[in-house]
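Below is one structure; the comments refer to it alone.
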Amino acid sequence: MHDVVIVGAGPVGLFLACELGLAGCSVLVLEREAETSSPWRAAPLGMRGLSAASVEAFYRRGMLDPLLKASHPGTRSRGGGHFAGMMLDPAKVDFAALPYRLPSPATEGVMTNLEAVETVLSERAAMLGVEVRRGVTVSAIAQDDETVVARAGEHEFAARWLVGCDGGRSAVRGLAGFDFAGTDPQFTGYVVLATIADPEKLRPGFNLTPTGMYLQMPAKGHLGVMEFDGGAFDRSQRPTREHLQAVLRRVSGTDVTLSDVHLASSFTDRAMQTTTYRQGRVLLAGDAAHIHSPLGAQGLNLGLGDAMNLGWKLAATVHGYAPDGLVDTYTRERHQIGAWVLDWTRAQAAVMRPDPHAQALQGVIRDLIGTRDGTTYVADKVSGSSIRYDLGSEHPLVGRNAPDFCLEDGTRLGDLLQDGRGVALDFSIDRYLHGSAMGWESRMRYAAGPAIDDLGAGAVLVRPDGIVAWAGDRDPDREAFERAAGRWFGSPASFPGPAA
Ligand SMILES: Cc1cc2nc3c(=O)[nH]c(=O)nc-3n(C[C@H](O)[C@H](O)[C@H](O)COP(=O)(O)OP(=O)(O)OC[C@H]3O[C@@H](n4cnc5c(N)ncnc54)[C@H](O)[C@@H]3O)c2cc1C
């Protein structure tokens, strides 16, 4: 029996598998597709924008260089992006106004593709002893107090926990009885790779029009089109050349001709989320837990954030040293971020609607985005770096993604997080918290010394997912530190933990 079965070897399932493997769990990933390669996952159709927060997650696990290499010619950008097709000007972003950030190798977003992300994660998962079985479609699940069993045809796979990372049409979600609630679509979108007879009739980049939006990507014949049809297109059908051409003509207001369509798929702005991310021994992460339109390039970033948040908590639960209720903080922390992303995409659909009220609102938003504060606000949101969980502390750093503190000897927080343990950073010169941190060595690293910039803190406790769990002042309170360590890492030294 495995500790954890993950259903789905997409980016979220693989990232989670790496987190669990790093923490010493036995992990089996079951994937429906027999082949790893697909034109939908390679560039240009598989192109995806990773936010600065996602890039930071790769950095914190020592996978940033492999990701950049695999993403070649992946572009890096800081402060870019769009809101409802209205482009941000990175030159207008006031980076100094972004709270609690420090220089880091991972402050920029990266344009990559699903194949590159999955290749890097698959290689890491294999190194960590994760088993991936392809050509296995999970079609039934049964669970009791001790185990959960996934069935695929004649085969059964038992584990102590199962995580559904099986995408937007998740089978696990239905099989385990999750409620899935949200809003109906207003538009149908299409991703198309076509031969365009007269591409000069279309403008490059994002183009908001009175009936929707079209997007002409840099790769020849790669288009995105969104039409406000109330989500009427029957998505069980493959869109035909005739249909796509008619939609593109209506949305672009041109008589452009698609002479051939090589690949095409459809999506909508239906925005749905499960009401919880856990049912007994079954959890959900990524698109299995939340779906929404791709407006604003958020889905993959949201799913990677889920995996980073869940991995260490589930591993601690598997190993038996998790404090009570740790795994349930996953839903508590991530559900609200998912809900926010759904609203962010709904807000974009709302200003794109083909009615005079929405068009008026579009003008207002365009003016706001044109200002320095407006650009900074949107850039901060899409970077994912300003997420803050309510961990019950007034300290402004607690609950935030930790800035990449750098000690004067050059040691960076991002490097210290690479083995998947938490980190206690003590900026005092006399290693004030050293004795207190000793009890948790298997679950937390201790590093001490003055920082190049400590942002006014005397010490910080950072969880394995890079979130600040506790922050002390110049004369840190040892008891408060120990209480925080116990809250997130369990009793000191009561269990050896995987990284001992
Ligand atoms: C056009 C478009 C552009 C996008 N651009 C961006 C972007 O720029 N940035 C961004 O952050 N997001 C973007 N997204 C969203 C992003 O692609 C998804 O959110 C992300 O791929 C979800 O990852 P996942 O691992 O949760 O699911 P998936 O990638 O869907 O992986 C799920 C896996 O589960 C497998 N599976 C399914 N059912 C079963 C089963 N029963 N048994 C076994 N295996 C199963 C599937 O074969 C698949 O491999 C975009 C989406 C679209 C459509």
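Summary table
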{"read-out": "Assigned charges on the beta-carbon of Lys, Arg, Asp, Glu; region 168-237 dipole about Cα centre (debye)", "value": "240 debye"}
{"read-out": "Potential lengthening between D229 and R169 on full extension [0.36 nm per residue; Cα-Cα distance subtracted]", "value": "19.4 nm"}
{"read-out": "Spatial separation of Cα centroids for region 366-442 and region 309-324, in angstrom", "value": "21 Å"}
{"read-out": "Integer Hz, Karplus 6.51/-1.76/1.60 couplings in order for region 185-196, x for Gly and Pro", "value": "x, 10, 9, 10, x, 9, 10, 9, 10, 9, 8, 9"}
{"read-out": "Under the Karplus curve 6.51 cos²θ - 1.76 cosθ + 1.60, θ = phi - 60°, whole-Hz ³J(HN,Hα) for region 26-39, x wherever Gly or Pro sits", "value": "8, 10, 10, 10, 10, 10, 5, 6, 6, 9, 7, 9, 7, x"}
{"read-out": "Rounded D (µm²/s) - the chain, Kirkwood Rh over Cα pairs, Stokes-Einstein at 37 °C, 0.692 mPa s", "value": "138 µm²/s"}
{"read-out": "Built amide H within the under 5 Å cut-off of V327, gap 5+", "value": "none"}
{"read-out": "Segment R388-D198, length gained on full extension (0.36 nm per residue, minus Cα span)", "value": "63.6 nm"}
{"read-out": "Distant-in-sequence amide H partners of F427 (H built 1.01 Å from N, under 5 Å)", "value": "G449, A459, V460"}
{"read-out": "DSSP-defined beta bridges in region 388-500 - what % are antiparallel, rounded to 5", "value": "70 percent"}
{"read-out": "Global form of region 188-266, assessed from the alpha-carbon gyration tensor, a/c cut-off 1.5", "value": "oblate"}
{"read-out": "Additional length obtainable on full extension of the chain from A140 to M127, 0.36 nm per residue less Cα span", "value": "1.7 nm"}
{"read-out": "Cα-based shape type of region 388-500, given that a ≥ b ≥ c are square roots of the gyration tensor eigenvalues and the cut on a/c is 1.5", "value": "rounded"}
{"read-out": "Mean-position separation - Cα centroids, region 73-112 and region 206-271, in angstrom", "value": "28 Å"}
{"read-out": "Stokes-Einstein diffusion coefficient of region 88-197, Kirkwood radius over Cα pairs, 20 °C, 1.002 mPa s, in µm²/s", "value": "110 µm²/s"}
{"read-out": "Helical segments meeting 18 Å axial Cα length and Kyte-Doolittle 1.0 threshold in the chain (DSSP H)", "value": "none"}
{"read-out": "Mean Cβ neighbour count within 10 Å, used as a protection proxy, ranking 375-382, 50-57, 361-368, 465-472 highest first", "value": "50-57, 465-472, 375-382, 361-368"}
{"read-out": "Separation of alpha-carbon centers, region 123-192 and region 331-358, rounded to whole Å", "value": "26 Å"}
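Coordinate-derived values only; no laboratory data. Predicted model, so just to flag it, every value in this text is computed and none were measured. Neighbour counts are summed over all protein chains in view; Cβ atoms, including those assigned to glycine, are modelled from backbone coordinates with ideal geometry.
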